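Comments concern the structure below.
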Amino acid sequence: MPMLMTFLLLAGIIAAVVLIVLIFRGSRIPVEDVEGRRRVNRWFWILAVFVAAVFIFASFT
């Protein structure tokens, strides 16, 4: 079980870093590029849910 926890925490930290990069990248997309904003927004929510799930799981175990 400790190996799984280590892997999940590492994956959560990596996903959190990618999430921060997406936030900065998304803020630089022009307003006119609706498709680009939609794509970044979709990945933002997917990674946000993953990061939240990892850290909630880690805090309860």
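Among the trypsin sites (Lys or Arg not before Pro) found in segment 1-41, those both in a DSSP coil and sparsely packed, with 13 or fewer other Cβ atoms within 10 Å of their Cβ, are Arg28. Per-residue SASA remark: Ser27, around 80 Å² accessible (1.4 Å probe; ligands, DNA and RNA not included).
Count Lys and Arg as plus one, Asp and Glu as minus one, and take only other residues whose Cβ is under 15 Å from that of Glu32; the net charge is then +2.
In this view, the solvent-accessible surface of Val18, computed with a 1.4 Å probe and all protein chains in place, comes to about 60 Å². Relative to the longest principal axis of the Cα atoms of the chain, the long axis of helix 34-60 makes an angle of roughly 10 degrees.
Placing a label point 7 Å from the Cα of Ile56 along the Cα-to-Cβ direction, no residue of segment 1-17 has a backbone N closer than 12 Å.
Between the Cα long axis of helix 2-27 and the first principal axis of the chain there is an angle of about 10°, rounded to the nearest 10. Considering only Val51, Val34, Val17, give the residue with the highest GNM mean-square fluctuation for the chain, with springs between Cα atoms whenever their separation is below 10 Å. Looking only at Val51, Val34, Val17, the largest GNM fluctuation is found for Val34. In a reduced charge model with +1 at each Lys and Arg Cβ and -1 at each Asp and Glu Cβ, the chain shows a dipole moment near 60 debye about its Cα centre.
Our estimate of slack between Asn41 and Ile14, defined as 0.36 nm per intervening residue step minus the Cα-Cα distance, is 7.9 nm.
The values are calculated or read from the model by the stated rules, or taken from the named source; none is laboratory data. Given the structure is predicted, the values throughout are model-derived calculations rather than measurements. As a convention, Cβ positions derive from the backbone with ideal geometry for all residues, glycine included, and neighbour counts pool all protein chains shown. Just so you know, the surface numbers come from the protein's heavy atoms only, side chains and all, with ligands and any DNA or RNA stripped out. Shrake-Rupley method; radii C 1.70, N 1.55, O 1.52, S 1.80 Å.
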